[in-house]
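The values are calculated or read from the model by the stated rules, or taken from the named source; none is laboratory data. The model shown is predicted, which means the values in this text are computed figures rather than measured ones. Don't worry about glycine lacking a Cβ; one is built from the backbone with ideal geometry, like all the others, and counts go over all protein chains shown.
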C-alpha cells in the first residue's frame, strides 16, 4: 500500500487539476452560449443557401453547368479543414482529421487549406500538402475571413488548378451532439438539390443578363457564405466539445479524490492501530 505521504501528495495534485478543469469548463460554457446563438441563428440561411445553389445548377442548361460541374483532369481537390488551435476538446479535432483521411480523396490529389493548427499539424504529419494556413481565423471568425479564403480558392478554381472544393467541419446539433462532416461545395451535387418534383418546379433556370456574369457574382458569395457558416458552427462545436471534455475530466477527478481519500483514511487508521498496538505492547513489557 502507498504511504500516507504519497497518497496525500497525489490527492493534492488531482485537486489542483480538478480546479483547472472546472475553471476551463466554466470558460467554455460562457463562450459556448455566444457561439451557439450565432450558429443557431445563421444555420437556416446557410442551409438554404447551399440548397438554392445546388437546385439552381440542377435546373441550369448543360452549357451553364459545364464550367462549374465538369472535373478538370490533373487538377487538385481543395479541402478547407476547420479544427481548433487548442486541444483538450475530446475527439473534436481527431474526428475531423479522420473525416478527411477516411474519405475517397487521395492525399496526393489534395490541397489542404487549414483553419486551425491541430488539423494542420495532424494532416501534415500524414503527408497532406498544406496549401495555405488560416489558423488565426479561429480566434474570432469573421465573414471577411471566409471571403478571403473563398477568393484564394476560387482564383485557383478559375485558373484550373483546383477542380473540386470541399469543406471539412463539425456540424453543431446541440451541446452534446457534434457531427464531423465533409461537404462538397463545387462541383455541385445534384443529389443534394431540392426535391422539386414534389413542388412542381420543373422550369429551367434562366440568367440575366448572361450566365457567366451572374455566376461570377454568385459563386464567390456562395463559397464565402458556406465557409463562414462552417466556421461559426465549428466554433460552437469546439466550445461544446471542450465543455463536455472538461466536465468529464472534473467528474473523473472527483472520483479519484474520493478513492484516494478512502485509501488515505484506511492508511491513517492502520497507522494509528499499529501505534496503539506498539504502545500497549510496550506497556505490557514494562509491567512484566
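Overview of results
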| quantity | calculated |
| --- | --- |
| Residue match in the range 75-98 (condition: over 18 Å from residue 229 (Cα atoms), over 11 Å from the mean Cα position of the chain (by Cα), free of Cβ contacts under 8 Å to residues at least 12 places away in the same chain and not in a helix (DSSP H, G or I)) | no |
| Of all residues making up the range 121-175, the number that are in contact with a helix residue (DSSP H, G or I) (Cβ under 6 Å, 6 or more places away or on another chain), part of a helix (DSSP H, G or I) and under 19 Å from residue 76 (Cα atoms) | 3 |
| Total residues in the range 1-54, condition in contact (Cβ under 8 Å) with a residue 24 or more places away in the chain and over 28 Å from the mean Cα position of the chain (by Cα) | 10 |
| Condition check for residue 103: in contact (Cβ under 8 Å) with a residue 12 or more places away in the chain, out of contact with any helix residue (DSSP H, G or I) (no Cβ under 6 Å at 6 or more places or on another chain), more than 30 Å from residue 206 (Cβ to Cβ) and surrounded by 14 or more Cβ atoms within 10 Å (Cβ to Cβ) | yes |
| Odd one out for residue 29, checked against (1) assigned to a helix (DSSP H, G or I); (2) out of contact with any strand residue (DSSP E or B) (no Cβ under 9 Å at 6 or more places or on another chain); (3) closer than 21 Å to residue 133 by Cα | (3) |
| Residue within the range 13-21 that is in contact with a strand residue (DSSP E or B) (Cβ under 9 Å, 6 or more places away or on another chain) and either surrounded by 14 or more Cβ atoms within 10 Å (Cβ to Cβ) or over 30 Å from residue 259 (Cα atoms) (or both) present | no |
| Filter result for residue 34 (within 25 Å of residue 167 (Cβ to Cβ), part of a strand (DSSP E or B) and touching a helix residue (DSSP H, G or I) at 6+ places or on another chain (Cβ under 9 Å)) | no |
| Qualifying positions in the range 125-168 - over 17 Å from the mean Cα position of the chain (by Cα), over 24 Å from residue 216 (Cα atoms) and without any contact (Cβ under 8 Å) to a residue 12 or more places away in the chain | 125 |
| Some residue of the range 55-68 being touching a strand residue (DSSP E or B) at 6+ places or on another chain (Cβ under 8 Å), touching a residue at least 24 places away in the same chain (Cβ under 8 Å) and surrounded by 15 or more Cβ atoms within 10 Å (Cβ to Cβ) | yes |
| One residue from 234, 258, 249 being closer than 30 Å to residue 26 by Cα and touching a strand residue (DSSP E or B) at 6+ places or on another chain (Cβ under 8 Å) | 234 |
| Residue match in the range 185-205 (condition: outside any helix (DSSP H, G or I) and at pLDDT 90 or above) | yes |
| Residue match in the range 127-148 (condition: buried (at least 21 other Cβ atoms within 10 Å of the Cβ) and closer than 20 Å to residue 186 by Cα) | yes |
| Criterion violated by residue 121 - all others in (1) at pLDDT below 95; (2) surrounded by fewer than 22 Cβ atoms within 10 Å (Cβ to Cβ) satisfied | (1) |
